[in-house]
Amino acid sequence: NRIVVSGATTAITRRTSFRKAFLAPWHPMVKQIWLYALADAQRETATAIHHGILVINHEHLQATPSRDNLPEFLHRLHRDVSCALHTLLAEERYDTPRELWDGRETHCMRLMDAESQLSSLVYQHINCISAGLVERPEQMPDFAFDLGHMKSGSIEVERPHGFFSRDRASALELHVTPAPLLYRAFG
């Protein structure tokens, strides 16, 4: 069992089954689905999002739950992404996997101080470079979060047509904020 603490900034990583490239920019809707699911999970659970990126076969997030509901946030996010990507794969006539995400529990690491929050942020931001995919983060197709999003405050995300119920909002604001201890240290 994972200890969940409200207000504890967490580095999150989740991998796809067999490390297949389900999160790669093989279709323009992949990023849109992920961002909408992220914004919806944020809205439902009041979880602060600090950074996020898709790296072909895994996602990286940095988030801070306002309550002890990080598991609820992760469940909602990963369920919605899985369902929508299964639908997209089927529509594009690809074989759909039995499970989009690998069978392991989502990796969550509590970031205890400003140094760990900054280190995690830099690691996530340059992960595509470390993997040898691009020379600069913004060269990654469908690069999700520019560090400037923390300053601008939000990304407007339209509901991907046909992948989410019509009783969900047609557009959501994905609020992006600096990690709390990092903000306190650097302002």
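Relative contact order, percent, of the stretch 84-187 when contacts are C-alpha pairs under 8 Å separated by at least 6 residues?
That works out to 25 percent.
Measuring with a 1.4 Å probe in the full set of protein chains, what accessible area per residue, in whole Å², belongs to the stretch 29-187?
Accessible area per residue: 52 Å².
Computed over the alpha-carbon pairs of the stretch 106-187, the distance histogram in 10 Å steps reads 15, 33, 36, 15, 1 percent, short to long.
Go ahead and collect, in residue order, the members of the stretch 4-39 whose backbone nitrogen is under 16 Å from a label point 7 Å along the Cα-Cβ direction of Met109. Correct set: 9-15. Solvent-free Debye calculation, one equal scatterer per alpha-carbon of the stretch 5-104: log10 I(q)/I(0) at 0.15, 0.19 Å⁻¹ equals -0.57, -0.89.
Using only alpha-carbon positions in the chain, the gyration tensor eigenvalues give semi-axes of 25, 19, 17 Å once each is multiplied by 5 and square-rooted (largest first). When the charge dipole of the chain is built from unit charges on Cβ atoms (+1 for Lys and Arg, -1 for Asp and Glu) and taken about the Cα centre, the candidate among Leu38, Thr13, Leu23 whose Cα reaches farthest toward its positive end is Thr13.
Taking each residue as 0.36 nm, the span from Arg43 to Ala21 lengthens on full extension beyond its C-alpha to C-alpha distance by 5.2 nm. Taking every DSSP helix (H) stretch of at least 4 residues in the chain, weighting each as -39,500 (n - 2.57) and dividing the sum by the residue count yields a mean residue ellipticity at 222 nm of -11500 deg cm²/dmol. Highest mobility in the GNM of the chain, judged by mean-square fluctuation with C-alpha springs under 10 Å and restricted to Val81, Val134, Val176, is found for Val134.
In loop segments of the stretch 79-126 as defined by DSSP, the GluC sites (Glu not before Pro) with at most 13 further C-beta atoms inside 10 Å of their C-beta are Glu92, Glu99, Glu105.
Over the chain, what percent of the accessible surface lies on carbon and sulfur atoms, probe 1.4 Å?
Looking at the chain in its full context, I get 50 percent from C and S.
The value of relative contact order for the chain, using C-alpha pairs under 8 Å at least six residues apart, is 30 percent. What are the DSSP H helices in the chain that stretch 30 Å or more along their long axis, judged by alpha-carbon atoms, and whose average Kyte-Doolittle hydropathy comes to at least -0.5? Counting only whole DSSP H runs, the qualifying helices are 70-91.
The values are calculated or read from the model by the stated rules, or taken from the named source; none is laboratory data. This one's a predicted model, so the numbers in the text were calculated from it and none came from an experiment. Because the Cβ atoms are built from the backbone with ideal geometry, glycine has one as well, and the counts that use them run over all protein chains shown. These accessible areas exclude ligands, DNA and RNA; they are computed on the full protein's heavy atoms, side chains included. Shrake-Rupley method; radii C 1.70, N 1.55, O 1.52, S 1.80 Å.
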